[in-house]
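Here is the structure we will look at.
The values are calculated or read from the model by the stated rules, or taken from the named source; none is laboratory data. The structure displayed is predicted, hence computed values, not measured ones. Cβ sites come from the backbone with ideal geometry, for glycine too, and all protein chains shown count toward neighbours. Heads up: the accessible areas ignore ligands, DNA and RNA and are worked out on the full protein's heavy atoms, side chains in. Shrake-Rupley method; radii C 1.70, N 1.55, O 1.52, S 1.80 Å.
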Amino acid sequence: MKHRQKSIDRYGGLFIRLLKRVILAILLFVAGFYLLHQGNLGLLVIGFAPIILGAVIVAFPLAELFAEPTGNLFWPSEHYDRPQPAYSIPQSKRTRGLYEEAMAGFEKIAEEYPQEVQPYVEMIDIAVVNLHDPQRANAIFHRGVSILKKDEDRETLVRMYRAIQTRLNSRTGN
């Protein structure tokens, strides 16, 4: 969220700077086109100067506006202060049918990264789909909701928990 707010503030300032420069550039363009349309050869040559100056004034903020997002594709400006969680290890254990080992792997991720929603969702899914243990899934859900700080993360966990529960309910109904 902080990164998004910084981007909004940064681009807001950039747009204000660009707007000021565009106003000045428009005045220079109008003056240049006025001189070009006078028909005098001397004024014709001089008329190009304000047009070129207006283009240069607007070029730098426009280049900054488009270059940073494009450049971030190749040279990202956002860096993580620590390694990101390795979900592939417990996911591969789950794929091989090692459900308790997968649960232990996701537990470890949840301990090391307490504000991540994904390990709770994965553990709930394993408890419901593979272990057929709704009580365990419910305990994991309540623990996740109590640990997660962001409202949007808690809402995501609630939504995912309900969706996963429907899989259990549809299986028991058959």
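Can you tell me which residues in the stretch 102-143 are of a type outside the set (Val, Ile, Thr), closer than 18 Å to THR166 by Cβ and outside any loop (DSSP other than H, G, I, E, B)?
Result: TYR120, GLU122, MET123, ASP125, ALA127, ASN130, PRO134, GLN135, ARG136, ALA137, ASN138, PHE141.
Would you confirm whether or not the stretch 60-70 contains a residue that is touching a Lys or Arg at 6+ places or on another chain (Cβ under 9 Å), assigned to a helix (DSSP H, G or I) and loosely packed, with under 14 Cβ neighbours inside 10 Å?
Within the stretch 60-70, one or more residues are touching a Lys or Arg at 6+ places or on another chain (Cβ under 9 Å), assigned to a helix (DSSP H, G or I) and loosely packed, with under 14 Cβ neighbours inside 10 Å.
Quick check, is ALA25 small (Gly, Ala, Ser) and surrounded by 15 or more Cβ atoms within 10 Å (Cβ to Cβ)?
Criteria met by ALA25.
Inspect all residues belonging to the stretch 97-111 and state whether any of them is among the basic types (Lys, Arg), more than 25 Å from SER146 (Cα to Cα) and at pLDDT 80 or above.
Checked the stretch 97-111: no residue is among the basic types (Lys, Arg), more than 25 Å from SER146 (Cα to Cα) and at pLDDT 80 or above.
Being surrounded by fewer than 22 Cβ atoms within 10 Å (Cβ to Cβ) and without any contact (Cβ under 8 Å) to a residue 40 or more places away in the chain is the filter here, so list the residues in the stretch 110-125 that pass it.
Hits for the stretch 110-125 are GLU111, GLU112, TYR113, PRO114, GLN115, GLU116, GLN118, ASP125.
Name the single residue that is most open to solvent (accessible area, probe 1.4 Å) among those in the stretch 144-154 being in a helix (DSSP H, G or I) and not β-branched (Val, Ile, Thr).
Only one residue fits best here, namely GLU152.
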